[in-house]
Each structure stands twice: as structure tokens, then as C-alpha cells.
Amino acid sequence: MKKTPKNYWKLGREELNTQQFSVSKSGHLLVNEGHYQYDLHELARKYGSPLEVVFPPIIESRVRDLIELMNAFIKFHDYRGKFFYHYPMKVNQNREFVMACVSEGAHLETSSANELFLVRRLWEQGKVGPKLRVLCNGPKTEKYLSLIDDLKKKGLGVVPLIEDFDELEQLKRYRGEVGIRVDMSVKVKSRWDKKYNRFGIQEEELLKLPKIKNLGILSYHISSQIESISGLTAPIERAVSIYAKLREKNPQLDTINIGGGGAVPYEKNRPLYTGRQAVNAVVKAFKKACEKYQVKEPNIICEWGRYAVAPAQVTIFRVLNDKTVKNRLEKRWYTIDGSFINDLSDTWAIHQKWEIVPANGIGDRRLQEVWLAGSSCDSDDKYTEGGDGVYLPKLEEGDPLYLVFMDTGAYQDSLASHHCLLSSPVKIIAQNGEIKIARKRETPEEIGKIFGW
Ligand SMILES: Cc1ncc(COP(=O)(O)O)c(C=O)c1O
């Protein structure tokens, strides 16, 4: 491969979700949307940093592609069930994320009463029609159950997913379709593979239950960011075996929900399956398992949220200084004008890795290995790429360096916090060649107010 800045920074590569990125003649990072072009350095200078830039067209095309791929492989494998995509709102509840998904035919999944409250708003505003189906995961508090009832009466397809025996009891009188979440004994390799899962009803207990009124969906969620195809397919074979047994008492059961798990190539130098490979494997696994257990091919639901939305947002920070600390490790630090703990919390919580590309100075500045420090007072507020450091351009007087963190659209916003009372990033939406401000920079007064001042 030719040694160009575009190749070095792994831009313009579909399998890495960087196909819309390129580099300008002046060494700035660009994002292309059809014939529109956004210069990330210019945006950061204009709107200030830290800055989040959201690209709804990326969400739209990822949701559209996922649905089209599933339908294509269903046809290819002569599979009899249908496919439904449900966007899990917990991944990013910002309105522009949810609307981008819904506009491409996504249904929704909620995990709390407050998320369902937002769905009710969309319904009341006429933004979603009666064809939308909402799966309700998460503990069913009184408030949640009353919203479920309310929306069902209003005509929306709301399907509560029963997660334990209390909920089974509470939902006995529910008039509509229900689903049930199984805690399967399959373990898959991923960062979130917890030894002791606490969600759902265990397989043996589930199979002992009498007939469940209106049971339509068998649901599971094994993990997030499942990095191997076998991690996606092994649970399918298990779920189909349970589905086959459950259908003996519940013949109306016709759907399996495989939950989340589709992975994102956060680390651009580690091999990962493509969406096409994953979808092909999923449909094939369903086909094979149904043949094995001699059972009617179920409809398939998937709730891959991270897969759909992470690549649709970047977070940009300015480098404030370059400091060499001469202690045992003698490392070079760049301090950024935001915080990993606050603005990219998974860096701190689960040692999430990110691809970092400069917004300016690409190609013409020498690179050096650095560790990155956040602007809070916390010694854990750092990014060291697992200890190896990141290669980034040297700083130049009069032309501050801006850093673009890729694929930040999943989970980071709702986890964000205000350690040291730093302001959250400004959030802008880039679509159709135009910029809209979704969240202004918080003033000291506004932040003080959150803390009772
Ligand atoms: C029930 C359920 N569905 C879907 C998801 C989304 O998973 P992912 O991160 O793979 O998008 C989650 C994430 O925790 C979940 O708990």
C-alpha cells in the first residue's frame, strides 16, 4: 500500500468505518457526506473544543445497510422468518440519533421508564406511527408499567420483556404480546462477559414454567462488542434449542431476539469481521439450528446499537501543552482541554481504546510518542493506549493541535459527568452540508446550578 497520510491514518477504508474520512491539501482531517465536506479543524476552531460532531447520515446508512443485508441473506439462505431491527436507546438517547434510526425503519428498545417517556413524546408529536414496535427491557417499576399500559391503549406496539418471576406475575394481565428474557448458560469471549449474569430467567427455570399468555418473543443479550463470529453464532444455536422446547407449550412463540453484540473496529489495526460476514453467519446459524431442532424458523430481532451508531460521532480536543515528566517512566504527556473521565468515560471505566487522528498538521509534522492527560485533577484521567503511547504530531507555536477521537457515538454521552466541574463538549450536528448546534458550551452558572448553586 502506498505510504500516504490517508493510508497511515487508515482513512477511506470501508471495513474500518473510515470510508468518509480524507485529508485536505493543507493537512486537515475531512469528513465527506456525498459532495458535502466538513473540515474538522475548521469546525473545532469555529465552535471551540472540546467538541462532539454527530453525522446522522452515517447512522442512517448503517441502519439501512444492516436491514438490507439481513433481508438479502434471509433470501439467500431461503430462510422463512422475517428480520426486525430494534435500536436500543440506551446506546445514545440524543434525539438526532433516535430519529436517524427510526427514519430508516428501525424499531426501538427501551431500558427504563424515562426512555419510554421519550418514545411517548415522539408518538404524541406524530413523529412515529402505529407500526413502530417498542421492546421494553429493564426493571419494570410501577411508572414503567403504567407507561407501557398507557402506550398500548393508545395503539403503539409495546412489548414488555419479562426478566424475572415478579415481572411474570405483574404482566399476567397485560393484554398485548410479551417476550421473555432467558439467561443462557453460553459464555462468549468479550470484555463484558461476566461470570455471574444477573439478567433474565435461567434456562432450566424457564423451561419448567407453564404456558405464558401471549408469549411472542424469546429474548437474550449475551454481551456487547463481541469480537468473534462464533461469539455471535454459538448463542443462536442454544436459543433455538430453547425456543423449540418453549414452543411445545407456547405455539404462538415465533420470534427470537438476539440482543446487542455487533462489534465496532475501534482499534483500526486489529482484524474484525465485517457487517456482511456477521449477518451472513447469523442467518446461517439460525437456518442450521432450526434444521437440527426441526422447528419453524423464527423471526429474528437484533438490537445492535453500538454497531449502528458509534461511527457516527467524533470527539475533538485541543492539546494544551507538551510536558515531559522525568520520573521512573519518563513519558511525554499532551494535556487535552477536556476529560477522559467526563467526556469519554469508558476510557476510564473499561480501558476502552480509541483511534486518534489529528485534525490538523497531518503529513507535514514529525510524530512523537505521547501519553494523553485529561484536564481534571485525577491521576486516572489519562489515555496511554494500554501503556504503549500514541504517535501524534509535534506541537507547533501558533497552530494548536486538535485531536479527533473516532467512533465515540455509543454510550459516552449518557455516562458523561462533571468531575472538577469541567464543561461538557459542545455538540454539533452535521447534515446536508449544514451545521446545527445541539448543545451549547455550559456556562459556570449552568454547571453551578446542577450542584445547587
Ligand atoms: C438488552 C440489551 N440490548 C441491546 C444492548 C446493546 O448492545 P450493544 O452495545 O451491542 O449495542 C444492550 C447493552 O447493554 C442490552 O443490555
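The values are calculated or read from the model by the stated rules, or taken from the named source; none is laboratory data. Being a predicted model, the structure only gives us computed values, none of them experimental. FYI the Cβ positions are ideal-geometry reconstructions off the backbone, even for glycines, and counts take in every protein chain you see.
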Where a residue in the range 207-221 is touching a residue at least 24 places away in the same chain (Cβ under 8 Å) and of a type in the set (A, V, I, L, M) and its partner, wherever it lies, is outside any loop (DSSP other than H, G, I, E, B) and more than 16 Å from the ligand (Cβ to nearest atom), with Cβ under 6 Å and at least six apart
LEU207/LYS245; LEU218/TYR243
Failed condition for ASP407, given (1) under 15 Å from VAL319 (Cα atoms); (2) surrounded by 21 or more Cβ atoms within 10 Å (Cβ to Cβ), with all others met?
(1)
In this structure, is PRO160 touching a helix residue (DSSP H, G or I) at 6+ places or on another chain (Cβ under 9 Å), without any contact (Cβ under 8 Å) to a residue 40 or more places away in the chain and surrounded by 16 or more Cβ atoms within 10 Å (Cβ to Cβ)?
yes
Counted residues in the range 351-383 being without any contact (Cβ under 8 Å) to a residue 40 or more places away in the chain, closer than 16 Å to GLU396 by Cα and assigned to a strand (DSSP E or B) come to 3
Looking only at the range 259-303, how many residues end up being within 16 Å of the ligand (Cβ to nearest atom), in contact with a strand residue (DSSP E or B) (Cβ under 8 Å, 6 or more places away or on another chain) and not small (Gly, Ala, Ser)?
5
Please count how many residues of the range 268-292 are in a loop (DSSP other than H, G, I, E, B), surrounded by fewer than 16 Cβ atoms within 10 Å (Cβ to Cβ) and at pLDDT 95 or above.
1
Among residues belonging to the range 196-246 that are under 26 Å from TYR174 (Cβ atoms) and of a type in the set (D, E, K, R), point out the one that is nearest to the ligand (Cβ to nearest atom).
ARG198
Considering VAL31, VAL23, which residue is on the phi < 0 side of the Ramachandran plot, at pLDDT 95 or above and more than 24 Å from the chain's Cα centre (by Cα)?
VAL23
Inside the range 293-320, the number of residues satisfying the requirement of being buried (at least 23 other Cβ atoms within 10 Å of the Cβ) and not in a helix (DSSP H, G or I) is 11
